[in-house]
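Bear in mind these aren't lab numbers, they're just calculated from the coordinates by the rules spelled out. Everything numeric here is computed off the predicted structure, so don't read it as measured data. Positions of Cβ are generated from backbone atoms using ideal geometry, with glycine treated the same way; all protein chains shown enter the neighbour counts.
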Amino acid sequence: METFGVGVVGCGNISGIYLHNLPNCAGIEVRGVADIVPAAAQAASEKYGVPAYSVDDLLARDDIQIVVNLTIPDVHAQVASQILAAGKHPYSEKPLGIDFAEAKAMLDQADAAGLRVGCAPDTFLGAGPRLARQIIADGEVGQILSGQITIMNHGHEHWHPNPGFYYVPGGGPVMDMLPYYLNALVNLIGPVARVRSVNSAPFAERLVTSDGPMNGKTVPVTTPTTLHSLLEFENGAQIISAASFDVWNHGHAPIELYGTKGSIRVPDPNHFGGDVEVAIGREDWQVRDPGEMPLGRNNWPVGETANTANYRGAGLSDLAMALREDRAHRANGQLALHVLEVMLAIVNAKPEDGPVEIVTSADQPELLSEGDADRLFV
């Protein structure tokens, strides 16, 4: 099997799970880390046993073919463009960018160079989402007509040491969390055709209560933090989206879809596992456990207390496999661009303007077989 050298740019909060998982991804080898803060790269180097470089030096290395872009959202597209200019395939954390034109130009750059762009989230490759996809594909609940998705909490200032970027343009619950839900929905039922939305920002600032140097300080809020939307899909399904950083508690399922034969509850798309619940007709909900399926076993936190299936990096492993097999990869740039356009339509929509037509589309990713899912991690 051909092995691809991987570099990681950005050694912040999310890098830990990647650097933990990537050595277990099939056919890749982590060969360097970099950060604009050298101390961050050095700390990651010492913890995970990989060399630390400057960003320029990492991009210049001949033994690295794919670069994982874990920088902050507002420079995702810019850094991906730099990676492409160095002749390497970028795989970015979500979102693809925060500006549609910039992200589209970066994808055009990749096409011109014959390079691939990958983008998280890749959680739709997990066992729970795959099981839900198979149930829908098999017609058990019939054609999906409607549904609802719920992303509601009271923000990230209670746990993130430096949460300010969550409350500026490019942040908020839609840009931060909706990629998981939209990737899941496109995977389940296809792309979005149009959007209606209303939004608000009821708090002008947020008090940081997490441990660290920001504790007790406030950060300004300059982006909507509560957004309610109606998403109309190309297949005719109408899905209500409730996304908020202003809710203390609620009792809604992450994703609940209603078909012509029954209903299905899809597990939290921020994770790879989780039970799927199905109710046919007026019957009670029946639980289906994907825990024994590939990418479904609880593995995080490491050890006996593991309670979550966390296989971040599966999309990167699928990208490497697709390069070897000369096929499309699933967590791809076109899907990410479509998701970005939908999110920006939600954030920027004005009720008086009516529905926003979505210009891009995206192919429903090919269903990942159990055999191929098992091959992604070693």
Next item on the list: Please report the relative contact order for the stretch 191-264, taking Cα pairs under 8 Å with a sequence separation of at least 6, and give it as a percent rounded to a whole number.
Entry: 28
Check: Over what distance in Å are the Cα centres of the stretch 1-68 and the stretch 205-252 separated?
Finding: 31
Margin query: Taking the beta-carbon count within 10 Å as an exposure proxy, list E352, E370 from fewest neighbours to most.
Written below: E352, E370
Margin query: Which residue fluctuates most in the GNM of the chain (Cα springs below 10 Å): E357, E304, E46?
Written below: E304
Margin query: Compute a Gaussian network model of the chain, connecting alpha carbons closer than 10 Å, and tell me which residue from D318, D284, D63 fluctuates the most.
Written below: D284
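For each of W248, W300, W285, count neighbouring Cβ atoms within 10 Å of the residue's Cβ, then give the residues from fewest to most. Walk me through the intermediate numbers first.
Details: W248 7, W300 19, W285 13.
By the 10 Å Cβ count, ascending, the order reads W248, W285, W300.
Rank the residues M106, M293 as a footprinting-exposure proxy: fewest other Cβ atoms within 10 Å of their Cβ go first.
Values: M106 26, M293 19.
Neighbour counts put them in this order, fewest first: M293, M106.
Can you pull the semi-axes for the stretch 182-290, root of five times each eigenvalue of the Cα gyration tensor, sorted largest first, whole Å? Mind dumping the intermediate values first?
On the way: eigenvalues 213, 74, 30 Å².
Each semi-axis is the square root of five times an eigenvalue, giving 33, 19, 12 Å.
Please identify every one of the GluC sites (Glu not before Pro) in the stretch 195-267 that sits in a loop by DSSP and has no more than 16 other beta carbons within 10 Å of its own beta carbon. Working shown, then result.
Working: sites: E205, E232, E234, E256; in loops: E234.
When the GluC sites (Glu not before Pro) of the stretch 195-267 are filtered for loop state and at most 16 Cβ neighbours within 10 Å, E234 remain.
Taking the Cβ of P290 as the center, what net charge do the other residues with Cβ under 9 Å away carry, scoring Lys and Arg +1 and Asp and Glu -1? Walk me through the numbers on the way to the answer.
Details: positive: R130, R288; negative: D275, D289, E292.
Spelling it out: positives minus negatives among the neighbours equals -1.
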Margin query: Below 8 Å between Cα atoms, with a sequence gap of 6+, how large is the relative contact order for the stretch 123-371 in percent?
Written below: 27
